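To start, the structure under review is shown below, and the notes come after it.
The values are calculated or read from the model by the stated rules, or taken from the named source; none is laboratory data. Computed from a predicted structure; not experimentally measured. With ideal geometry, Cβ positions are generated from the backbone for all residues, glycine too; neighbour counts draw on all protein chains shown. Surface areas here come from the heavy atoms of the whole protein model, side chains and all, with no ligands, DNA or RNA. Shrake-Rupley method; radii C 1.70, N 1.55, O 1.52, S 1.80 Å.
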Amino acid sequence: MTPPRAEPAVELRGITKRFPGTLANDAVDLTVRHGEIHALMGENGAGKSTLMSVLYGMELPDAGTIRVDGRDVDFASPSDAMAAGLGMVHQSFKLFGSLSVAENVVYAAEPRRFGLVDRAAARRRVRELAAEHGLAVDPDARVGDLPVGLRQRVEILKLLHRGARTLILDEPTAVLTPAEADALFAVLKSLAAEGRTVILVTHKLREVLEGSDRVTVLRDGRVVARLVTSETSADEIAAAMTGRAVELDRVHAPGTPGDVVLEVSGLATDAVRDVDLTVRAGEIVGIAGVAGNGQSELIEALAGLRPVGAGHVALQGEDITHASATERRLKGLAYVPEDRHAVGTAPDASVADNLAMGHHRTSLSSRGLLPPTAVRAHARRLVERFGIKASAPEASASALSGGNLQKLLIGRELAHDAPLLLVEQPTRGVDIGAIQNIHDQLIAYRDAGHAVLLVSAELSEIRGLADRVLVMYEGRITATYDKDAADERTLGLAMAGGSGKQVETVD
Amino acid sequence: MFLDSDLLLSALRALTPILLAALGGAICERAGVFNIGLEGMMLMGCFTAVTTSWFTGSAWLGVLAAALAAAAYSLILAVGAVTLRGDAVVLGVAMNLLAVGLTGFLLRTVFGVQGTFDDPSLAGLPLVGGFTPLTYLSWAAVGVAAVLLSRHVWGLRLRGVGEAPDAAATLGVSPVGYKYGAILVSGVLCGLAGAQLALGNVTLFTENMTAGRGWIAVVAVMLGRAAPVGVLLAALLFGLAEAAGFRLQGLGLPQQATDAAPYVVTLGALFLTTARRRRRTRPSGAAT
Ligand SMILES: Nc1ncnc2c1ncn2[C@@H]1O[C@H](COP(=O)(O)OP(=O)(O)OP(=O)(O)O)[C@@H](O)[C@H]1O
Ligand SMILES: [Mg+2]
């Protein structure tokens, strides 16, 4: 075990980083001690990822100094940072899908025999590290076949193999199920107990309160609070992040269901079996379930992205079982997909063009042409209405922070005013202020008489928004609960496949 | 008997240039560079091999010069696609067209002839056991490439670069370096392919004498899924088709029809494999 050391593991002084049109970091000081789990919080676009990129040698700061283990460093690339004992798990994983776990772990730091990769040694190394840190994963599995939780383990193993003493994790739990997140925190705590240091970027207050030692809060690129976790509260952190008092865990009034908008009977497709469900106007139906139990496939089939094997789907009484995605949209369906980068947006296109997509077919089209002024005005309206932080409508969508890209996507789809909204993981990677904004928007959408089908891995989100909760397990709907009956324990049990205590309601 | 050892021998001879070029293409493919400039690089190799052999009297110097010249020519793709981030397909097509024009022009300026240059005193490659040494080299290259790609540290890094360049970069592996390396190696291999064609299969230079072999090599890379042994099998298929074409010609079929044999096989093979692949990659689950 490393003896406690006086000098900090990481010390940033006066870090300033400017992007065209944005001051992402403004004279940021950050001190992280050896052996602590240090949370870095802040709203979307506050500059957390940028600060970590600077620390990790991926971006050069415009001003400021970095000290690691008390020594001045000047990183020109991530390899320099790695050599100094840092390691980072990025917000989007940096893995090779077609290579094995062992190959991913040892990549660029391979055990060798006569210049060849010593595969046996690589496998052994993965097993050793896995056993030592409780990160079990099959060294021979193809990384592309692994669920997200295991991919993240591979990322962490990769850093440990390189001897990282300070681990930086950028929103590591955004894509994890609650159980996977708990497992991750157990690992992080044991790493900290060994004397390693963890810097954790996250939006989840609960994780910070339960899992961290100290918290630094950024707002608009500046440090606005340095807190000791044991002496602070969720309200204090939230207030520091947003600059105002935030009402956490707000309870929304229930909806008033009207006519049936979506009616699904006996639907089957890949990984989905015999699903019946109805969604009425003025209600939000939530689908809870551990990721990979068919929720994504179900929603894709409803959106027209996946062929329906059997069953019927009707939208406002009209059969759309085999309709194309375009037909469905024209008939009154809007869709917020789970993967905002690959499916939901075109990252290389501008913010304005991204906001125009879909609307090009309807409101924005004028005799088959898209008047640029209309596109720009439309973009400005949505940017304003949903509080999207973008330097200009012409800026490319890839320059938006993760949370702002999500706001863009939700805003665009809500603006369709479609009778039915399918929405997957609406607040993944989104800050608490924005979560409330998005939740308010969804509730307002429901109250305007629209039907919403919501899939979320966040139980609190499902419980907060949904008027009815369906639980999906192994491709089937295994339980249905009314809002009041859906407490966390009951849902958790049903999600794990425990079917004994179903509180079926008649609808 | 139609399928006999003669046919096999001529198939193996026809195979060599395609195989060498396809191995180069496979290495590029693994590094994430779609190289369709094989044809042009090979043609530059043909011309350089003949010219150098003619002026030095040594076929071996011709081989060496062909490898160097084609590697230099491949820099167009490296600089254009990797450094300047241009479109590799456009660059490859341009390289192929440029090579035809350039070699035709040089043929006129250097040798003062049009169409074909051949001379009995032009030194060709020696035959050892019925094949040129380059043929044996090409077989060895399959094994070496297979081991390097699947087992060597370089191969692992190259495959990583091809699949996720930014992931490789965060681990300190330079995608630019590996892509340049792969393209230069493909240049060398295409140069050897050209030398084999112009000093081995025949001993002469004709305008556009590669006649689509570089394109067939591109298809062999796809069919063989950019794995050296797979590429060998695919190239062998084309070698057989070419040899069978000659044979059919002997049986009285018109040359235009028999010359089409390798291309017909190419099309058929492409249809078959893409149909098979399509069936296999039906959506089975959303990957995150
Ligand atoms: N490459 C870039 N070019 C231009 N602007 C950028 C670039 N990267 C980030 N920005 C801007 O810098 C600011 C800080 O972004 P950053 O990604 O650091 O935010 P974040 O705190 O990580 O947000 P999130 O929680 O949404 O991930 C944002 O306004 C963003 O738009
Ligand atoms: Mg971020």
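Tabulated data
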| item | result |
| --- | --- |
| Residues satisfying the stated conditions in the stretch A:404-432, i.e. closer than 21 Å to residue A:364 by Cα and among the basic types (Lys, Arg) | A:407, A:412 |
| Odd one out for residue A:422, checked against (1) within 16 Å of ligand 2 (Cβ to nearest atom); (2) buried (at least 24 other Cβ atoms within 10 Å of the Cβ); (3) among the aliphatic types (A, V, I, L, M) | (1) |
| Residue B:281 being of a type outside the set (D, E, K, R), loosely packed, with under 11 Cβ neighbours inside 10 Å and at pLDDT below 80 | yes |
| Residue count for the stretch A:356-399, restricted to those that are hydrophobic (A, V, I, L, M, F, W, C), within 16 Å of ligand 1 (Cβ to nearest atom) and closer than 15 Å to residue A:415 by Cα | 4 |
| Single residue of A:303, A:268, A:349 found to be outside the structural domain of residue A:398 (by TED's automatic domain parsing), at negative phi, of a type in the set (A, V, I, L, M) and open to solvent by 20 Å² or more (accessible area, probe 1.4 Å) | A:268 |
| Qualifying residue in the stretch A:443-451 (condition: part of a loop (DSSP other than H, G, I, E, B), on the phi > 0 side of the Ramachandran plot, modelled with pLDDT of 85 or more and open to solvent by 70 Å² or more (accessible area, probe 1.4 Å)) | no |
| Residue within the stretch A:402-413 that is among the charged types (D, E, K, R), part of a loop (DSSP other than H, G, I, E, B) and outside the structural domain of residue A:240 (by TED's automatic domain parsing) present | no |
| Residue A:87 open to solvent by less than 10 Å² (accessible area, probe 1.4 Å), touching a Lys or Arg at 6+ places or on another chain (Cβ under 7 Å), more than 13 Å from ligand 2 (Cβ to nearest atom) and closer than 17 Å to residue A:166 by Cβ | yes |
| Any chance residue A:292 is closer than 21 Å to residue A:479 by Cβ and surrounded by fewer than 20 Cβ atoms within 10 Å (Cβ to Cβ) | yes |
| Given (1) modelled with pLDDT under 85; (2) away from every other protein chain (no Cβ under 14 Å), index of the condition residue B:230 fails | (1) |
| Residues that are in contact with a strand residue (DSSP E or B) (Cβ under 9 Å, 6 or more places away or on another chain) and more than 16 Å from residue A:175 (Cβ to Cβ), drawn from the stretch A:139-157 | A:139, A:140, A:141, A:142 |
| Test for residue A:61: is it part of a loop (DSSP other than H, G, I, E, B), at pLDDT 95 or above, open to solvent by 10 Å² or more (accessible area, probe 1.4 Å) and touching a strand residue (DSSP E or B) at 6+ places or on another chain (Cβ under 7 Å) | yes |
| Matching residues in the stretch A:283-329 - criterion: being over 29 Å from the mean Cα position of the chain (by Cα), touching a residue at least 24 places away in the same chain (Cβ under 8 Å) and outside any loop (DSSP other than H, G, I, E, B) | A:310, A:311, A:312, A:313, A:314, A:315 |
| Lone qualifier among A:224, A:208, A:228 - being within 16 Å of ligand 1 (Cβ to nearest atom), open to solvent by 10 Å² or more (accessible area, probe 1.4 Å) and closer than 21 Å to residue A:28 by Cα | A:224 |
| Check on residue A:143, farther than 26 Å from residue A:44 by Cβ, open to solvent by less than 20 Å² (accessible area, probe 1.4 Å), among the hydrophobic types (A, V, I, L, M, F, W, C) and at pLDDT 90 or above | yes |
| Residue ID - farthest from the other protein chains (Cβ to nearest Cβ), chosen from residues in the stretch A:28-55 that are open to solvent by 30 Å² or more (accessible area, probe 1.4 Å) and within 15 Å of ligand 1 (Cβ to nearest atom) | A:43 |
| Test: residue A:383 is buried (at least 21 other Cβ atoms within 10 Å of the Cβ) and at pLDDT below 95 | yes |
| From A:46, A:39, residue being in a loop (DSSP other than H, G, I, E, B), out of contact with any His (no Cβ under 9 Å at 6 or more places or on another chain) and within 16 Å of ligand 2 (Cβ to nearest atom) | A:46 |
| Members of the stretch B:156-180 found to be more than 8 Å from chain A (Cβ to nearest Cβ) and either on the phi > 0 side of the Ramachandran plot or buried (at least 16 other Cβ atoms within 10 Å of the Cβ) (or both), listed by number | B:158, B:161, B:162, B:165, B:174, B:175, B:178, B:179, B:180 |
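Per-residue answers, yes or no, for (1) within 16 Å of ligand 2 (Cβ to nearest atom); (2) without any contact (Cβ under 8 Å) to a residue 60 or more places away in the chain; (3) on the phi > 0 side of the Ramachandran plot:
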{"residue": "A:7", "(1), (2), (3)": "no, no, no"}
{"residue": "A:13", "(1), (2), (3)": "no, yes, no"}
{"residue": "A:20", "(1), (2), (3)": "no, no, no"}
{"residue": "A:26", "(1), (2), (3)": "no, no, no"}
{"residue": "A:34", "(1), (2), (3)": "no, no, no"}
{"residue": "A:55", "(1), (2), (3)": "yes, no, no"}
{"residue": "A:59", "(1), (2), (3)": "yes, yes, no"}
{"residue": "A:73", "(1), (2), (3)": "no, yes, no"}
{"residue": "A:78", "(1), (2), (3)": "no, yes, no"}
